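**Student:** Encoded as structure tokens, here's the structure I'll be asking about.
The values are calculated or read from the model by the stated rules, or taken from the named source; none is laboratory data. Values in this document were obtained by computation on a predicted structure and should not be read as measured data. Cβ placement follows ideal geometry from the backbone for every residue including glycine, while neighbour counts extend to all protein chains displayed. Calculation scope for accessible area: heavy atoms of the full protein, side chains included, ligands and nucleic acids excluded. Shrake-Rupley method; radii C 1.70, N 1.55, O 1.52, S 1.80 Å.
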Amino acid sequence: MKTLILSIAFLLLSTMISHAATEHYTLAFRDDPATTIVIGWSGDNGTIHYGLADFGTNYSSYPYTHNSDRTGGAHGITRHFARLTGLNPNTLYYFVIQDDAGQTSQRFYFRTLSDDRNDPVSFISGGDTRDGFSLFGAYIENCPSGDCVEKRRDGNKLVAKIRPDFIAFTGDFVMNQITSNTQNEWSSWLNDWQLTITPDGRLTPVTFSRGNHEDMFDVHEMFDIPYDEYYSLNIHGGLIRLYMLNSELDACTDIGQLNWFTNDLQTNTGTANDPEWKFVTYHVPTLAIGKDGDLRQDQMDCWVPLMEQYGVRLVMESDSHSTKWTYPSKKNATGDDFEVAQQPFDGIVYIGEGQWGAPHRDIYYTGANAKLFVRDAGTFDNFFFIRVTKEETTIQSVKFENVNGVFSILDNELGTGLPSNAVLWNPPNGNQVVLTKPINTSSLGEKELLATSVYPTIVEDEITIDFGREISAAEIEVYSSLGKRCYTKRVDQLTEKLTIQWDEVCQGICYLYIKMEDGKTESHRLVVQGK
Ligand SMILES: [Fe+2]
């Protein structure tokens with residue numbers, strides 16, 4: 001009898017302990033996303049059991065095991081990390097964590113990214129998930145629903161429905177230093193993050209940029225990103241070179257980060273294997289349009305010229321708790337502002353500025369003070385959904401509305417689109433920003449030596465392209481000043497001149513590219529009169 005009571009007591013005790021054995025599951029990229037991943041969790045240490053087939057929670061059936069490689073943590077939370085390597089690209093992996101107390105986690109799975117730049121990819125970019133500051137239980141910051149954390153949870157639920165291939169998180173998780181209750185805040189953040197897991201156990205990998213509410217090494221300690229807290233990744237074998245910068249380090253005087261960034265951009269420019277796109281994430285905007293409209297002069301002086309020189313096309317910012325997307329833009333002559341780029345492929349689109357639930361702030365530059373390089377701005381909870389192919393990058397902003405009514409994407413294909421009834425931001429200049437690439441700008445001929453001519457250059461009804469000789473093949477593309485491709489045509493018969501009706505071609509300043517049989521590309525700038 002005594003033994004029985006003891007056994008029951010032991011069983012009860014072990015059940016109580018084992019319930020909290022492992023928790024707070026996360027995935028992070030810190031190396032090649034096609035072949036590696038970091039699985040992170042809190043609580044007991046343990047071993048990953050994984051494989052290509054789903055054995056549920058029957059851990060001993062999985063063919064591979066991997067012990068945790070590192071134990072870290074911060075703010076009273078212990079984190080364990082297993083860095084899986086040697087994975088197959090574009091493949092589903094199922095896993096459980098068998099902890100040291102003998103308890104098995106639920107069965108999770110993830111998909112490795114592709115190593116083929118011809119495969120599309122879709123990701124979510126956003127940040128600023130912190131709660132509002134409250135005094136005696138009342139919010140003194142603007143949390144419209146009365147609870148900022150509720151909106152962060154809505155965003156997390158949307159992640160599970162959208163099933164992006166990964167998330168580029170742009171910083172500011174919790175309040176941190178201000179409330180000094182960081183263990184509870186981080187624990188609540190990690191608990192809420194579990195809402196991003198789909199009902200069938202799919203975890204989404206994340207890349208991280210450090211925000212100003214994170215202490216140095218917090219992100220390294222919580223998610224196992226590299227120690228320096230700045231790094232770059234090759235997405236889909238060169239479809240995207242993605243840079244995660246640390247805006248808590250001075251852009252000019254932190255030589256370590258600046259040299260690394262410069263070298264990495266140089267190494268990935270002008271080679272036979274250049275990435276199709278270069279994108280950058282960091283937390284504090286170079287020129288914030290929310291908050292107090294702050295300018296980060298160091299970033300304007302030391303990052304922006306580099307990004308412009310090496311062909312970065314998209315920058316994802318956060319921090320000011322509002323929303324913007326810009327036209328393709330460049331640093332202005334005096335270096336204190338941006339201006340719309342003359343050539344769309346020459347400028348950078350800036351999106352942000354962190355509204356994953358955090359307290360709302362007004363747009364600083366409005367009316368007569370509105371910034372001309374900003375295409376649209378607003379204040380509402382949202383993140384960006386970005387789909388990238390070799391030819392085109394499409395950016396949309398998903399509002400945290402009708403969350404329970406949004407359909408779930410059901411497949412795990414890379415590059416899948418949004419659920420059809422997701423609520424999109426639809427400002428005056430349209431509900432998406434599209435980045436396109438000219439046919440081949442690197443082979444653009446010198447203006448004075450152009451073989452082709454186009455007339456008239458101020459267009460009303462039609463234009464004529466004079467190839468300057470009889471040709472049998474050419475490709476023609478026309479882009480708007482926003483970088484949107486609005487016309488394509490292939491010439492595949494003998495001709496010297498070609499007339500194009502302008503009915504369906506873009507308005508305003510346009511760029512016409514002609515790729516000839518010999519691979520040479522020539523460009524012409526046109527001004528199209530509105531009808
Ligand atoms: Fe911030």
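**Student:** Of the residues F95, F166, only one is assigned by TED's automatic domain parsing to the domain that holds S42, under 27 Å from S209 (Cβ atoms), modelled with pLDDT of 95 or more and not basic (K, R); which?
**Tutor:** Every option except F95 fails the conditions.
**Student:** Scan region 159-174 for residues that are within 12 Å of V206 (Cα to Cα), part of a loop (DSSP other than H, G, I, E, B) and away from the ligand (no atom under 16 Å from the Cβ) and report the count.
**Tutor:** 2
**Student:** Next question. Kindly establish whether Q297 is at pLDDT 95 or above and over 23 Å from the mean Cα position of the chain (by Cα).
**Tutor:** Answer is yes for this residue.
**Student:** Continuing with this model, one more query. Given the conditions (1) within 27 Å of P427 (Cα to Cα); (2) charged (D, E, K, R); (3) within 16 Å of the ligand (Cβ to nearest atom), and given that E248 satisfies all but one, which numbered condition is not satisfied?
**Tutor:** (1)
**Student:** Let me ask something else. For the condition open to solvent by 10 Å² or more (accessible area, probe 1.4 Å), in contact (Cβ under 8 Å) with a residue 24 or more places away in the chain and within 27 Å of V403 (Cβ to Cβ), what is the one hit in F338, F385, F380?
**Tutor:** So the residue among F338, F385, F380 that is open to solvent by 10 Å² or more (accessible area, probe 1.4 Å), in contact (Cβ under 8 Å) with a residue 24 or more places away in the chain and within 27 Å of V403 (Cβ to Cβ) is F380.
**Student:** Scanning for something more than 16 Å from the ligand (Cβ to nearest atom), within 30 Å of T36 (Cα to Cα) and among the small types (G, A, S), does region 190-204 turn up at least one residue?
**Tutor:** yes
**Student:** Would region 225-237 turn up any residue that is without any contact (Cβ under 8 Å) to a residue 24 or more places away in the chain, surrounded by fewer than 22 Cβ atoms within 10 Å (Cβ to Cβ), out of contact with any Cys (no Cβ under 9 Å at 6 or more places or on another chain) and among the charged types (D, E, K, R)?
**Tutor:** Yes - at least one qualifying residue is present in region 225-237.
**Student:** Against the condition in contact with a helix residue (DSSP H, G or I) (Cβ under 7 Å, 6 or more places away or on another chain), among the polar types (S, T, N, Q) and away from the ligand (no atom under 16 Å from the Cβ), how does N156 come out, does it pass?
**Tutor:** Against the criterion (in contact with a helix residue (DSSP H, G or I) (Cβ under 7 Å, 6 or more places away or on another chain), among the polar types (S, T, N, Q) and away from the ligand (no atom under 16 Å from the Cβ)), N156 qualifies.
**Student:** Can you find a residue in region 141-149 that is under 28 Å from L410 (Cα atoms) and surrounded by 18 or more Cβ atoms within 10 Å (Cβ to Cβ)?
**Tutor:** Within region 141-149 (the criterion being under 28 Å from L410 (Cα atoms) and surrounded by 18 or more Cβ atoms within 10 Å (Cβ to Cβ)), the answer is yes, since at least one residue qualifies.
**Student:** Mind listing whichever residues of region 169-183 are open to solvent by 10 Å² or more (accessible area, probe 1.4 Å) and modelled with pLDDT of 85 or more?
**Tutor:** Result: T182, Q183.
Residue-wise test of (1) outside the structural domain of Q432 (by TED's automatic domain parsing); (2) in a strand (DSSP E or B); (3) of a type in the set (D, E, K, R).
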position: Y487; (1), (2), (3): yes, yes, no
position: K497; (1), (2), (3): yes, yes, yes
position: I500; (1), (2), (3): yes, yes, no
position: V505; (1), (2), (3): yes, no, no
position: Y513; (1), (2), (3): yes, yes, no
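**Student:** Could you list, in sequence order, all residues of region 308-344 that are within 16 Å of the ligand (Cβ to nearest atom) and of a type in the set (K, R)?
**Tutor:** Correct list: K324 only.
**Student:** Name, by its number, the condition in (1) at pLDDT below 95; (2) open to solvent by 50 Å² or more (accessible area, probe 1.4 Å); (3) among the charged types (D, E, K, R) that does not hold for K437.
**Tutor:** Evaluating K437 over (1) at pLDDT below 95; (2) open to solvent by 50 Å² or more (accessible area, probe 1.4 Å); (3) among the charged types (D, E, K, R) leaves (2) as the failure.
**Student:** Could you tell me which of the residues Y282, Y243 is open to solvent by less than 10 Å² (accessible area, probe 1.4 Å), assigned by TED's automatic domain parsing to the domain that holds H220 and away from the ligand (no atom under 16 Å from the Cβ)?
**Tutor:** Just a single option satisfies the conditions, and that option is Y243.
**Student:** Moving to a separate point now. Quick check, is D254 of a type in the set (D, E) and in contact with a Cys (Cβ under 6 Å, 6 or more places away or on another chain)?
**Tutor:** no
**Student:** Here's another thing I want to ask about it. Just for region 485-530: of the residues that are touching a residue at least 60 places away in the same chain (Cβ under 8 Å) and open to solvent by 30 Å² or more (accessible area, probe 1.4 Å), which one is nearest to R313 (Cα to Cα)?
**Tutor:** Checking each candidate, the answer is R485.
**Student:** Within region 329-344, track down each residue that is touching a Leu at 6+ places or on another chain (Cβ under 8 Å) and either closer than 18 Å to G127 by Cβ or assigned to a loop (DSSP other than H, G, I, E, B) (or both).
**Tutor:** D336, D337
**Student:** Under the condition of being hydrophobic (A, V, I, L, M, F, W, C) and free of Cβ contacts under 8 Å to residues at least 24 places away in the same chain, which residue from region 115-140 is nearest to the ligand (Cβ to nearest atom)?
**Tutor:** Per the criteria, the residue is I140.
**Student:** Right, next: Could you please give the count of residues in region 205-240 that are of a type in the set (G, A, S) and either over 19 Å from the mean Cα position of the chain (by Cα) or away from the ligand (no atom under 16 Å from the Cβ) (or both)?
**Tutor:** So the answer is 3.
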